[in-house]
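Heads up: the structure comes next, in structure tokens.
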Amino acid sequence: MSWRPRFDEHSIWWRVAADFLRSRVAIAGLAVLALVALAAIAAPWITPQNPYDLMQLDVLDARLKPGTPSSAAGYTYWLGTDGQGRDLYSAIVYGLRISLLVGVGSAAIAAVLGTGIGLLAAYAGGKVDAALMRLVDLLLSFPTILMALMILAYVGKGVGNVVLTLVLLEWAYYARTARGQALVETRRDYVEAARGQGIPPWRILSGHILPNCLPPLLVIGALQIARAITLEATLSFLGLGVPITEPSLGLLISNGYQYLLSNEYWISFFPGVALLTTIVAINLVGDQLRDVLNPRLQR
Amino acid sequence: MSLTTLPLVDLQGVSKRFGAQPPLGVFGQALRRLGWNTPPVVTHAVDGVDLAVRPGEVVGLVGESGCGKSTLGRIATGLLTPTEGSVQVDGQPLHGLNGDARLAARLRVQMVFQDPFASLNPRLRVSRIVGEAARLHGLTDAAGEDDYVSAQLQRVGLDPALRHRYPHQFSGGQRQRIGIARALAVQPKMLVCDEAVAALDVSIQAQILNLFMDLRDELGLAYLFISHDLGVIRHLCDRVAVMYLGRVVESAPVDELFARPNHPYTRALLAEIPRIDQRRTAFNTIRGEIPSPITPPSGCHFHPRCPQAMPRCRSEVPTLRGIAIHHASACHLNDAA
Amino acid sequence: MSDVEVPTLELRDLQTRFHTRDGVLPVVDGVSFTLARGKVLGLVGESGSGKSVTGFSIMGLVDPPGRVEGGQVLFQGRDLLQMSNAERRALRGDRIAMIFQDPMATLNPVLRVDTQMIETVQAHRSVSTMAARKQAADTLALMGLSNAEERLRAYPHQLSGGMRQRVAIAIALLHGPDLIIADEPTTALDVTIQAQILSEMQKLVAARGTSLIWISHDLSVVAGLADEIAVMYAGRIVEHGTVDQVLDDPQHPYTQGLIGSLPSANLRTQRRGARLRQIAGMAPNLLQMPAGCAFAPRCARASAACAARPEMSAPSADAPSHRVRCFHPGPVAVEAPV
């Protein structure tokens, strides 16, 4: 006898997905993100030039207007070129790659780390909880940019170091939320029932409490991705993030900043639009996620 | 059952206090010297209770808010450790055991909770809720788990075909049955029911009470039935203990308690329950509020509200003494006789 | 006093429906009753019977997806459903008041008790703050709260559950309303506190001639307090009569089942410890109601006639106030005619 679940017999995530898709705005955001992600993955195939390969750049083609054909390579610079002769379209697509990598990567690692610490603090209670939460308070009280600058000044530039920095700064948000939610859940009768049935603490944490803590963590995760991307762009803009030869969107904007007033707007403008679109899309998805998950918390 | 049988669960001199502060360190003592003296806020939930439940016996625990009956129930299941006193399960002290023996003792006494909505994990399917512990502790293996879970559900009157559903798809009464199935799945010898029917409609309540009685007959289960509803207690229990603010004030076989209540609190409680055959009555009331368990009154806890309080009641704690066969009461008025 | 006195409340065929994603729920499905001045009506039913929503519909507190869709609610002769929002607001708190099961539905946790009570007084009368405060203190004393001054200065979280409920009831009583709707106010309270509150409500109703609707699932509480009882099932009233009639001589099988499920009722007829009489079947699913009698799927007396929707019986000669919605009413021993 095969059993096929009805709609409300699916797990809560199925129902969350169904509710999520009711909002056209959220679907639009999700579509944009899917497009961005696809573009980032398919970068080598959809771009005429690898902007990180200095051999492919032609300095003579610097600062050309959008739509100008290239002098040597035989393709058109649809979005123009920047100060080093990079095709802006290619640079944006590759830059999105970095943005997504840094954003999603740091959010994911920070989520795992932070949630683990938060759950541990909630279940252990007492001094362990107090110590961990003081650490969290400390981290959250520093201005983020300042901390990021200090850490990057110490570890140096590079995508990996940027991810490390962001993880160090972001895990605290997850920890605090996970701990708060876990504290509520730990008091619930079903946790007591699990304890009374001799289920070991680690299993209660991972199998019983964690699934109930996920909704707010998911919302934070979605919005933190946007934050991380913005942060990376800011750091790169300031010249502290990615190396000059592998520009991310932030660095591109920075490079073009000096030319804004001399009518060569496109060097900053198009990367800016790309960045903005991505972040807005993530925020739309995150907002809808928060609305959809909220009443669920009350069952 | 004879009263010389070894009790299944035996609580002796059990007290539980919440919030007691550890001794002050150097810093704390310095603060105290500066005049900042914050006394610890200690809740005296349970105060020197003796309670025994024999195999197959149904013991009722009655009282109002702050009387400590829920705390006592949790101490009996091992979910809480008493501040003082001993808990023995099948003759073995519960908190001295380790490892497998401790686990076995814990599984022997299982709890059924009050709130059918909060006592089941909303993210887990019923099959997992009921079967997880049994599987973990080797009561069933991976192959037999599905049948085992189905058998438990059938025993509590639920259709096993529903075992893949989530708790939110069931009604309150059905969820309570799931909670009972979960408790039964680890093959306990005693169930502690903490207001297990209070949140249910009257007609569903009758179904669940009948279920309890069937399980008692089929499986020989003992019960510690905690409730504020004297009508339910009267129907279900063999023996009753009445608690007020952490202490047992009276205990007797159920017919004896209802026929000849001794303690003034018990009598007031019985007089105040609305009954369906009392029409347009003037409600009898005891004056005053239930005191807080943080600052319980001195001497007999009930003396501020007792219509028959004497000066002795304020200074001296009455002991629980036998006043008739198997009938004990903690009241100074009994001494006067 | 004229003998054609306008009743305080008259409900005529009230209908409230909830429009949810899964369908339309007829939560209140044609409820009618009359409540005279100074009388207490016990509205009894289990969860899902529509008793609370009836109370909310009278007060105009039904939130979407629910909507009052039909019938009349005549308060002292005026139809509340036809009034403007402003007129209803003027009546609420002044002439009609509601008490909820959770006192925190009435009390604002960030305001002190005196602030809230003064606000309620001044919403309907222009009096000075001092006078309002005095009125608040007097009403608290009426509820049996000693030390009214201390209670007034407290925040709700500083009071115990029983005290909070008494403050909430005091707020309802501030303007001496003509009608009070109480939705399970003592369900969450201890027996001793419940007894105190019931005693105070009784005295107030007798002294001021207030009409009271006491919504509850607890027949024994209603037995002591009410003059009349109306039993609700699946949004309809299935039996209505004086308290003696309904409890001593129930005619509807559901009422009989309810009374029979009570452990105390079983005590009189059976040996202690025997199985309780239970009502067969499950609570009705409002999305899948049978076309005829709502109780038929669970009824031992159901027959072919029950496929039609029963109406409330006409008043009979010897029991003019006792009415039943059933094709086979009768005492328990009667079997269903084939």
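The values are calculated or read from the model by the stated rules, or taken from the named source; none is laboratory data. Everything numeric in this text was worked out from a predicted model, so none of it was measured. Note: ideal-geometry Cβ built from the backbone for every residue, glycine included; neighbour counts use all protein chains shown.
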For B:Gly179, only one of the following conditions fails: (1) buried (at least 22 other Cβ atoms within 10 Å of the Cβ); (2) within 10 Å of chain C (Cβ to nearest Cβ); (3) in a helix (DSSP H, G or I). What is its number? (2)
Pull out all pairs, ordered by first then second residue, where Cβ-Cβ is under 6 Å, the residues are six or more apart or on different chains, the first lies in region A:197-211 and is within 8 Å of chain B (Cβ to nearest Cβ) and surrounded by 19 or more Cβ atoms within 10 Å (Cβ to Cβ), and the second is in a helix (DSSP H, G or I) and modelled with pLDDT of 90 or more. A:Gln197/B:Ala133; A:His208/A:Ala194
Only one of (1) aliphatic (A, V, I, L, M); (2) surrounded by 24 or more Cβ atoms within 10 Å (Cβ to Cβ); (3) closer than 30 Å to A:Pro243 by Cβ fails for A:Val163. Which number is that? (2)
Please go through region A:181-196 and give me each residue that is among the small types (Gly, Ala, Ser) and in contact (Cβ under 8 Å) with a residue 24 or more places away in the chain, ordered by number. A:Ala182
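Yes or no, residue by residue, for (1) assigned to a helix (DSSP H, G or I); (2) at pLDDT below 85; (3) touching a strand residue (DSSP E or B) at 6+ places or on another chain (Cβ under 7 Å); (4) among the aliphatic types (A, V, I, L, M):
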position	(1), (2), (3), (4)
A:Gly83	no, yes, no, no
A:Ser90	yes, no, no, no
A:Gly95	yes, no, no, no
A:Leu100	yes, no, no, yes
A:Ala110	yes, no, no, yes
A:Gly116	yes, no, no, no
A:Leu132	yes, no, no, yes
A:Leu135	yes, no, no, yes
A:Leu139	yes, no, no, yes
Residue match in region B:281-296 (condition: in contact with a Leu (Cβ under 8 Å, 6 or more places away or on another chain), away from every other protein chain (no Cβ under 12 Å) and over 30 Å from C:Val243 (Cβ atoms)): yes
Just to be sure I understand, how many residues within region B:252-278 are within 24 Å of C:Thr242 (Cα to Cα) and acidic (Asp, Glu)? 2
C:Arg37 passes all but one of the listed conditions (1) surrounded by fewer than 20 Cβ atoms within 10 Å (Cβ to Cβ); (2) basic (Lys, Arg); (3) assigned to a strand (DSSP E or B); the exception is number (3)
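Given the criterion within 23 Å of C:Ile279 (Cα to Cα) and buried (at least 23 other Cβ atoms within 10 Å of the Cβ), identify the matching residue among B:Val232, B:Val192. Explain how you work it out, then say what you get.
Numbers: B:Val192 fails: within 23 Å of C:Ile279 (Cα to Cα).
Answer to the selection: B:Val232.
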Restricting to region A:229-275, what's the tally of residues that are in a helix (DSSP H, G or I) and either surrounded by fewer than 16 Cβ atoms within 10 Å (Cβ to Cβ) or basic (Lys, Arg) (or both)? 5
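Could you identify the single residue in C:Arg125, C:Arg164 that is within 29 Å of C:Ser57 (Cα to Cα) and within 14 Å of chain B (Cβ to nearest Cβ)?
Of the residues listed, the single one that is within 29 Å of C:Ser57 (Cα to Cα) and within 14 Å of chain B (Cβ to nearest Cβ) is C:Arg164.
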Which numbered condition trips up C:Thr54, out of (1) touching a residue at least 60 places away in the same chain (Cβ under 8 Å); (2) among the β-branched types (Val, Ile, Thr); (3) touching a helix residue (DSSP H, G or I) at 6+ places or on another chain (Cβ under 9 Å)? (3)
B:Leu120 being in a loop (DSSP other than H, G, I, E, B), out of contact with any strand residue (DSSP E or B) (no Cβ under 9 Å at 6 or more places or on another chain) and within 11 Å of another protein chain (Cβ to nearest Cβ): yes
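Table: residues versus (1) buried (at least 19 other Cβ atoms within 10 Å of the Cβ); (2) over 13 Å from B:Ala222 (Cβ atoms); (3) of a type in the set (S, T, N, Q); (4) within 14 Å of chain C (Cβ to nearest Cβ).
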position	(1), (2), (3), (4)
B:Val62	yes, yes, no, yes
B:Leu72	yes, yes, no, no
B:Thr77	yes, no, yes, no
B:Thr81	no, yes, yes, no
B:Gln92	no, yes, yes, no
B:Asn98	no, yes, yes, no
B:Arg102	no, yes, no, no
Checked region C:216-228 for anything among the aliphatic types (A, V, I, L, M) and more than 22 Å from B:Val232 (Cβ to Cβ); matches are C:Ala226
Of the residues C:Val28, C:Val24, C:Val44, which is more than 14 Å from chain B (Cβ to nearest Cβ), surrounded by 21 or more Cβ atoms within 10 Å (Cβ to Cβ) and under 27 Å from C:Ile279 (Cα atoms)? C:Val28
State all residues of region B:246-272 that are facing chain C (nearest Cβ under 9 Å), surrounded by fewer than 22 Cβ atoms within 10 Å (Cβ to Cβ) and within 24 Å of B:Thr71 (Cα to Cα); if no residue qualifies, say none. B:Val254, B:Ala268
For region C:5-44, which residues satisfy the criterion of being in contact with a strand residue (DSSP E or B) (Cβ under 6 Å, 6 or more places away or on another chain) and of a type in the set (Gly, Ala, Ser)? C:Gly30, C:Ser32, C:Gly42
With criteria (1) touching a residue at least 60 places away in the same chain (Cβ under 8 Å); (2) farther than 25 Å from C:Lys203 by Cα; (3) not acidic (Asp, Glu), C:Met130 comes up short on (1)
For residues in region B:139-155 being under 19 Å from B:Pro167 (Cβ atoms) and surrounded by fewer than 18 Cβ atoms within 10 Å (Cβ to Cβ), which is nearest to the other protein chains (Cβ to nearest Cβ)? B:Asp146
Quick check: is even one residue across region A:61-70 within 23 Å of A:Leu231 (Cα to Cα) and buried (at least 18 other Cβ atoms within 10 Å of the Cβ)? no
Quick one: count up the residues across region B:103-138 that are closer than 28 Å to B:Leu72 by Cα and touching a residue at least 12 places away in the same chain (Cβ under 8 Å). 24
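Kindly provide the set of residues from region B:123-138 that are facing chain A (nearest Cβ under 7 Å) and in a helix (DSSP H, G or I), ordered by number.
Result: B:Glu132, B:Ala133, B:Leu136.
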Please work out if C:Leu287 is at pLDDT 85 or above and under 27 Å from C:Val27 (Cβ atoms). no
Inspect region B:163-174 for any residue being over 19 Å from C:Met282 (Cβ atoms) and more than 10 Å from every other protein chain (Cβ to nearest Cβ) and give the result as yes or no. no
Qualifying positions in region C:209-264 - within 11 Å of chain B (Cβ to nearest Cβ), of a type in the set (Phe, Trp, Tyr) and more than 20 Å from C:Ala319 (Cβ to Cβ): C:Tyr233
Which is more than 7 Å from chain C (Cβ to nearest Cβ), surrounded by 16 or more Cβ atoms within 10 Å (Cβ to Cβ), over 22 Å from the mean Cα position of the chain (by Cα) and more than 30 Å from C:Ala206 (Cα to Cα), of B:Ala324, B:Ala309? B:Ala309
Lone unmet requirement of (1) surrounded by fewer than 18 Cβ atoms within 10 Å (Cβ to Cβ); (2) not in a helix (DSSP H, G or I) for C:Ala141: (2)
